[in-house]
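Reading through the structure tokens given below for one structure.
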Amino acid sequence: MKKFLFVQEQPPHGGILGQEGLDAILMGSAFAQCTVLLLEDGIYQVLGNQQTDELGSKDYSVTYQALRDYGVEQIFCPASHLQRRGIDIENLVVPVQAISDAEVTALLNSHDVILSF
Amino acid sequence: MIFSIAVFGGPYSSQASLSALRFADAVLRGDHTLLRVFFYADGVYNGNSLLVPPQDELHLYRQWQQFSRQHQVELVVCIASALRRGMLDKNEAARYEKKNHTLTPDFTVSGLGQLIDAGLQSDRLVTFRA
């Protein structure tokens, strides 16, 4: 079976591409083996305790919590991108594995289809 | 080789649409197969049949339309992205009781599954993001 890697690079609010990327992950999980890579501001999509009422946008971080039920087991983020933003992995709504830049390269190389949002 | 293309950028607001069109053309010139072009997110705006750019400028809608008709390549617009942005074909317009529609049959309205299917069926799925 083909392995899909979904790359999320957008912050969660201010644009809808991140949410549409997540929709694509959910759809992908029905047909293929899917892994998620959160890059740069994409990591904010899974930041806990989001209060979006005033923003006029949806808190879709909860949907990330459902990914495991859809068979999406692994979510990665480069440790350097977490560090630069001062984000502690404990403050995320889902388990995220911090990886080195070299491991990011290996991840990209080991998947058949890469969809980047 | 079998290619599919995903377009995430709208016409004129980014390079995505024109680059995708040129790439699509190159795929066929290179004797490869182009399975599908899938328009997602703001990419669905490429299906807007009401575009009227100045006459001396590139007409992206017409170019996609001609490309699709000439080469029998399927242009698919994601329904979720399209509805959200007011891109409706005749059927959807009727369903939602809208007077007008923006999509013509040159663009097929379908689900996100077509994007995943493109990834599964093609040797290469190439994304043009805004």
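Points worth noting:
- Restricting attention to region B:24-40 and to residues that are without any contact (Cβ under 8 Å) to a residue 40 or more places away in the chain and either closer than 9 Å to B:Phe3 by Cα or touching a Leu at 6+ places or on another chain (Cβ under 8 Å) (or both), the residue that is surrounded by the fewest Cβ atoms within 10 Å (Cβ to Cβ) turns out to be B:Thr33.
- Counting the residues of region A:93-109 that are over 14 Å from the mean Cα position of the chain (by Cα) and not in a helix (DSSP H, G or I) gives 1.
- Pairs, first more than 13 Å from every other protein chain (Cβ to nearest Cβ) in region B:1-15, second in a loop (DSSP other than H, G, I, E, B) and among the polar types (S, T, N, Q), C-beta under 9 Å, six or more apart: B:Met1/B:Ser122; B:Pro11/B:Asn48
- If you go through region A:62-92 and keep only what is outside any helix (DSSP H, G or I) and farther than 25 Å from A:Phe31 by Cβ, you end up with A:Pro78, A:Arg85, A:Gly86, A:Ile87, A:Asp88, A:Leu92.
- Exactly one residue out of A:Ser61, A:Ser110 is buried (at least 19 other Cβ atoms within 10 Å of the Cβ), within 25 Å of B:Ile116 (Cβ to Cβ), out of contact with any strand residue (DSSP E or B) (no Cβ under 6 Å at 6 or more places or on another chain) and among the polar types (S, T, N, Q): that is A:Ser61.
- A:Asp53 fulfils the conditions (1) out of contact with any strand residue (DSSP E or B) (no Cβ under 9 Å at 6 or more places or on another chain); (2) more than 14 Å from chain B (Cβ to nearest Cβ); (3) modelled with pLDDT of 95 or more except for a single criterion, (3).
- Among the criteria (1) among the hydrophobic types (A, V, I, L, M, F, W, C); (2) surrounded by 13 or more Cβ atoms within 10 Å (Cβ to Cβ); (3) away from chain A (no Cβ under 14 Å); (4) free of Cβ contacts under 8 Å to residues at least 24 places away in the same chain, the one B:Leu83 does not fulfil is (3).
- Residue within region A:72-94 that is away from chain B (no Cβ under 14 Å), touching a residue at least 60 places away in the same chain (Cβ under 8 Å), within 29 Å of B:Ala118 (Cβ to Cβ) and among the β-branched types (Val, Ile, Thr) present: no
- Residue in region A:14-30 that is within 11 Å of chain B (Cβ to nearest Cβ) and either of a type in the set (D, E, K, R) or part of a strand (DSSP E or B) (or both) present: yes
- Taken over region B:86-125, the criterion of being surrounded by fewer than 17 Cβ atoms within 10 Å (Cβ to Cβ), under 14 Å from the mean Cα position of the chain (by Cα) and either within 14 Å of chain A (Cβ to nearest Cβ) or among the aromatic types (Phe, Trp, Tyr) (or both) is satisfied by B:Gly111 alone.
- Total residues in region B:1-33, condition part of a loop (DSSP other than H, G, I, E, B) and either in contact with a Gly (Cβ under 8 Å, 6 or more places away or on another chain) or among the basic types (Lys, Arg) (or both): 4
- Residues that are assigned to a strand (DSSP E or B) and of a type in the set (D, E, K, R) were ranked within region B:34-77; the one that is nearest to B:Val126 (Cα to Cα) is B:Arg36.
- Look at (1) in contact with a helix residue (DSSP H, G or I) (Cβ under 7 Å, 6 or more places away or on another chain); (2) away from chain B (no Cβ under 14 Å); (3) under 23 Å from A:Ser100 (Cα atoms) and you find that A:Glu9 fails only one, number (2).
The values are calculated or read from the model by the stated rules, or taken from the named source; none is laboratory data. Bear in mind the structure is a predicted one, so any value in this text is a computation, not a measurement. Here the Cβ is made from the backbone with ideal geometry for all residues, glycine too, and neighbour counts use every protein chain on show.
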